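Quick notes on the structure that follows.
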Amino acid sequence: MEIHRVAAFSDNYIFVLHDIAQGQAAVVDPGDAEPVLQTLKELGATLTAIFNTHHHSDHVGGNRQLLERFPQAQVYGGAEDRGRIPGQTHFLQEGDWVQICDRQAEVIFVPGHTYAHIAYYLAPATPNDWGELFCGDTLFAGGCGRLFEGTPQQMVESLGKLRQLPDTTRVWCAHEYTLSNLKFAVTVDGTNATLQQRLKQVQAARAQDQPTVPTELGLEKQTNPFLRWDQASLQQAMNSTSTVQTFARLRGKKDLF
Ligand code: ZN
Ligand code: FE
């Protein structure tokens, strides 16, 4: 299976997963159909499945148009998103397994950004291979999603589940927010040398318009403040003693950044 990163709108990424042997493809969070149809055409692939992480229009806005072209395609989303995802045929819950191309994916329930948000984790095909995480607007490179429909407590639990995945997991998040996220991160975790080094790399990449997605979960664990709510340095910086309060204050500061 090949993963193709397709840019959409000003800063969204849509992912086209291509099963070359079968000539079939799946798509994750098609906010816009046009760039997906273009990619499918270039690949000569038939769309068999749409996987949505949550109901926001920049993630599901292309569902209908894709279904017009590929009426047989199945549409997967969270059980609690019933009624909010156009064309949804499969209603997924924590711990469900779904076939994505030639891989098995585990469904992880990650409420916080929305109350129904799910992520898809593709375990490595072989022990030394990468795992792949499609996490929508829950975990970003260097940051996390805003809390539109959830509480800090929920988001800490959701990000905590993602943090338990292996370091060798590629994180395919849905927006190119990395530079702004890392600029914020250094204001709260300024003594973190790995973070400073990462900010420099990302500044150089973005100056040349290069994407910073996917990122690696191991690097996120070391540099993303929204996975580091239990680090003493961050708790101190947020003048907080509890993990949830540290997270809540970080998220509040980022909302104003
Ligand atoms: Zn969203
Ligand atoms: Fe989004």
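Scan the stretch 203-222 for residues that are part of a helix (DSSP H, G or I) and either crowded, with 20+ Cβ neighbours inside 10 Å or touching a Ser or Thr at 6+ places or on another chain (Cβ under 8 Å) (or both) and jot them down.
The first filter runs over the stretch 203-222 and keeps only residues part of a helix (DSSP H, G or I), leaving 203-207, 217-222.
Correct list: Ala205, Arg206, Leu217, Gly218, Leu219, Glu220, Gln222.
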Problem - Looking only at the stretch 108-137, and only at residues there that are of a type in the set (Val, Ile, Thr) and closer than 24 Å to His18 by Cα, the one that is nearest to ligand 2 (Cβ to nearest atom) - result: Ile118
Exercise for the section: May I ask you to verify whether Leu67 is more than 16 Å from ligand 1 (Cβ to nearest atom), among the hydrophobic types (A, V, I, L, M, F, W, C) and either open to solvent by 10 Å² or more (accessible area, probe 1.4 Å) or closer than 20 Å to Glu106 by Cα (or both)? Expected result: yes
Problem - Residue that is of a type outside the set (Phe, Trp, Tyr) and more than 18 Å from the chain's Cα centre (by Cα), where the choices are His59, His55, His4, His90 - result: His90
Practice task
Inspect all residues belonging to the stretch 177-184 and state whether any of them is closer than 30 Å to Ala125 by Cβ, modelled with pLDDT of 95 or more and open to solvent by 20 Å² or more (accessible area, probe 1.4 Å).
Solution key: yes
Problem - Residue within the stretch 94-111 that is among the aromatic types (Phe, Trp, Tyr) and open to solvent by less than 60 Å² (accessible area, probe 1.4 Å) present - result: yes
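From Gln22, Gln88, grab the single residue that is away from ligand 2 (no atom under 16 Å from the Cβ), surrounded by 18 or more Cβ atoms within 10 Å (Cβ to Cβ) and assigned to a loop (DSSP other than H, G, I, E, B).
Working: Gln22 fails: surrounded by 18 or more Cβ atoms within 10 Å (Cβ to Cβ).
One residue alone meets the criteria, Gln88.
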Completion exercise
Here the qualifying pairs (Cβ atoms under 6 Å; residues six or more apart or on different chains; first in the stretch 22-41 and over 16 Å from Val75 (Cα atoms); second open to solvent by 20 Å² or more (accessible area, probe 1.4 Å)) come out as Thr39/His4
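Tell me which residues, restricted to the stretch 54-85, are of a type in the set (Gly, Ala, Ser), within 16 Å of ligand 2 (Cβ to nearest atom) and not in a loop (DSSP other than H, G, I, E, B). Break it down into steps so the answer makes sense when it comes.
Narrowing the stretch 54-85 to residues of a type in the set (Gly, Ala, Ser): 57, 61-62, 73, 77-79, 83.
Then drop every residue that is not within 16 Å of ligand 2 (Cβ to nearest atom), which leaves 57, 61-62, 77-78.
Those that are of a type in the set (Gly, Ala, Ser), within 16 Å of ligand 2 (Cβ to nearest atom) and not in a loop (DSSP other than H, G, I, E, B): Ser57, Gly77, Gly78.
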Practice task
Restrict the check to the stretch 223-232 and report whether at least one residue is assigned to a helix (DSSP H, G or I), more than 19 Å from Phe134 (Cα to Cα), in contact with a Cys (Cβ under 8 Å, 6 or more places away or on another chain) and within 16 Å of ligand 1 (Cβ to nearest atom).
Solution key: no
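Does Glu94 satisfy being in contact with a strand residue (DSSP E or B) (Cβ under 9 Å, 6 or more places away or on another chain), of a type in the set (D, E, K, R), without any contact (Cβ under 8 Å) to a residue 60 or more places away in the chain and over 27 Å from Thr168 (Cβ atoms)? It would help to see each step written out before you state the result.
Working: in contact with a strand residue (DSSP E or B) (Cβ under 9 Å, 6 or more places away or on another chain): yes; of a type in the set (D, E, K, R): yes; without any contact (Cβ under 8 Å) to a residue 60 or more places away in the chain: yes; over 27 Å from Thr168 (Cβ atoms): no.
In short, no.
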Exercise for the section: Run down Gly87, Gly44 and say which single residue is without any contact (Cβ under 8 Å) to a residue 40 or more places away in the chain and in contact with a Lys or Arg (Cβ under 9 Å, 6 or more places away or on another chain). Expected result: Gly87
Completion exercise
Taking the stretch 25-51 and keeping only residues that are assigned to a strand (DSSP E or B), open to solvent by 40 Å² or more (accessible area, probe 1.4 Å) and in contact with an Asp or Glu (Cβ under 9 Å, 6 or more places away or on another chain), one is left with Thr48
Exercise for the section: Kindly establish whether Asp189 is acidic (Asp, Glu) and open to solvent by 40 Å² or more (accessible area, probe 1.4 Å). Expected result: no
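The values are calculated or read from the model by the stated rules, or taken from the named source; none is laboratory data. All figures in this text were calculated on a predicted structure; none of them were measured in a lab. Heads up, the Cβs are rebuilt from the backbone with ideal geometry, glycines too, and the neighbour counts pull from every protein chain shown. The protein model used for the area step is the full one, side chains on, heavy atoms only, and it has no ligands, DNA or RNA in it. Shrake-Rupley method; radii C 1.70, N 1.55, O 1.52, S 1.80 Å.
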